[in-house]
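The values are calculated or read from the model by the stated rules, or taken from the named source; none is laboratory data. No experiment lies behind these values; they were computed from the predicted model shown. Counting neighbours? That spans all protein chains shown, and the Cβs are built from the backbone with ideal geometry, glycine included. All accessible areas refer to the heavy atoms of the entire protein, side chains included, with ligands and DNA or RNA removed. Shrake-Rupley method; radii C 1.70, N 1.55, O 1.52, S 1.80 Å.
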Amino acid sequence: MRLVLATDAQRYERDLVNYPAWGPPLTVEGYVTREYRLRSHPWAQAELKTWLLCADNQEVLASCETYRTDSFLRAADGSLEAGDSYAIASVFTEERLRGKGHATRLMDLLASELERASPRVHSALLLSDVGAPLYRRSGYRETPAWDWRFEPEPGEPSEGVDRLLPETEMGSALARMRRPEVPFFYWPTPAQLDWHLERERIYSELLPRPRPEANGATAGESTALWYMVGKSSTLMVLMFDARTPEAAAALLRSARRVAHRAGLSRVVLWEEPAAAPLLAGVPGAVREAREGSLPMLRSLRPGLALAEATPIPRALWV
Ligand SMILES: CC(C)(COP(=O)(O)OP(=O)(O)OC[C@H]1O[C@@H](n2cnc3c(N)ncnc32)[C@H](O)[C@@H]1OP(=O)(O)O)[C@@H](O)C(=O)NCCC(=O)NCCS
């Protein structure tokens, strides 16, 4: 058995076999279009690799994707050392081949490969939809996964915030946001944020449903960035930096109003340790254990220990 990089033709073949796992409610044609468009996005072009676990006779036994993502070590004096981490997505074994250890083998070989992928390698992360046990076998450890959920509400979204942000301002808004004050963290690039917006654009066209009128808001120095997950009718917060409880409430009220106008069912914000105290007082906030997307981390560098409370913003999801 060996690990190889997929060609474009092999990627297309994997799209067809993994359609039942991730395709619906899109048609097969819609799903293939989605995958093609996402792979053509500049962020994916720069950072995506598709991996295949192949038998000696070349049969593909399992597959997954990795997206390189920036991560940072914070020294005691506050200075940051940039490194590479790898977000793993779309782990897949065809039904007829399941239960034989192929996904585990794939994850183990991939970790050895990634350890050597870059001189500044930090970690691998994944968002498990099948719980923790499968990936614990390969050295991954879960972090807490809580969501804050809010109902959409009628009203003018720009009320109470300084500005609503169009998609063209996501990058400049990101640049103003505070990096977490922790020893190790991940931080997305503007292109990475836009990859989420590309998902919004694709689903908006294929489902079809209208796009929300804004992709974020600012209130003083506080900022929230969000996008529509069309499939689950959710306005999902990608990045959140509220400096006060009042600003947190104002930004989330704006998000709820944008969601209402777009006909969405909920607003969801992934909890990060620093923001949790600010959210408890936001009117209508409901904290609940996340279903799916359980963040799991694995160090790829000797001596680098990853804290259980490492913040994972939704922008890191792949
Ligand atoms: C999850 C998946 C990749 C596992 O592939 P595999 O080659 O059968 O994996 P392995 O043989 O190495 O390990 C199988 C283990 O995964 C567990 N597992 C598989 N699907 C699971 C699920 N939906 N929930 C919880 N555990 C699951 C099995 O219970 C099994 O555990 P066991 O060995 O203790 O019985 C495969 O079932 C799959 O492709 N599923 C559909 C796509 C998917 O959900 N991918 C995961 C995204 S995070």
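Structure above, values below:
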| read-out | value |
| --- | --- |
| Residue count for the range 269-318, restricted to those that are more than 28 Å from residue 255 (Cα to Cα) and not hydrophobic (A, V, I, L, M, F, W, C) | 6 |
| Selection within the range 139-159 - farther than 19 Å from residue 295 by Cα, of a type outside the set (Ser, Thr, Tyr) and open to solvent by 10 Å² or more (accessible area, probe 1.4 Å) | 151, 152, 153, 154, 155, 156, 159 |
| Residue ID - farthest from residue 300 (Cα to Cα), chosen from residues in the range 65-89 that are within 15 Å of the chain's Cα centre (by Cα) and open to solvent by less than 10 Å² (accessible area, probe 1.4 Å) | 89 |
| So residue 40, is it within 19 Å of the chain's Cα centre (by Cα) and under 14 Å from residue 318 (Cβ atoms) | no |
| Output for the range 277-318, where each listed residue is of a type in the set (Lys, Arg) and in a loop (DSSP other than H, G, I, E, B) | 290, 301 |
| Selection count, the range 255-267, where residues are farther than 9 Å from residue 151 by Cα, touching a Leu at 6+ places or on another chain (Cβ under 8 Å) and not in a loop (DSSP other than H, G, I, E, B) | 2 |
| Flag if residue 33 is within 21 Å of the chain's Cα centre (by Cα), at negative phi and within 16 Å of the ligand (Cβ to nearest atom) | no |
| Qualifying residue in the range 127-138 (condition: open to solvent by 50 Å² or more (accessible area, probe 1.4 Å) and more than 16 Å from the ligand (Cβ to nearest atom)) | no |
| Residue within the range 93-104 that is of a type in the set (Ser, Thr, Tyr), open to solvent by 20 Å² or more (accessible area, probe 1.4 Å), under 17 Å from the mean Cα position of the chain (by Cα) and more than 15 Å from residue 186 (Cα to Cα) present | no |
| Members of the range 218-228 that are touching an Asp or Glu at 6+ places or on another chain (Cβ under 8 Å) and part of a strand (DSSP E or B) | 218, 219, 222, 223, 224, 227, 228 |
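Here is a yes/no grid of residues against (1) open to solvent by less than 20 Å² (accessible area, probe 1.4 Å); (2) farther than 18 Å from residue 292 by Cβ; (3) touching a residue at least 24 places away in the same chain (Cβ under 8 Å); (4) not assigned by TED's automatic domain parsing to the domain that holds residue 25:
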{"site": "217", "(1), (2), (3), (4)": "yes, yes, yes, yes"}
{"site": "221", "(1), (2), (3), (4)": "no, yes, yes, yes"}
{"site": "226", "(1), (2), (3), (4)": "yes, yes, yes, yes"}
{"site": "229", "(1), (2), (3), (4)": "no, no, yes, yes"}
{"site": "237", "(1), (2), (3), (4)": "yes, no, yes, yes"}
{"site": "258", "(1), (2), (3), (4)": "yes, yes, yes, yes"}
{"site": "265", "(1), (2), (3), (4)": "no, no, yes, yes"}
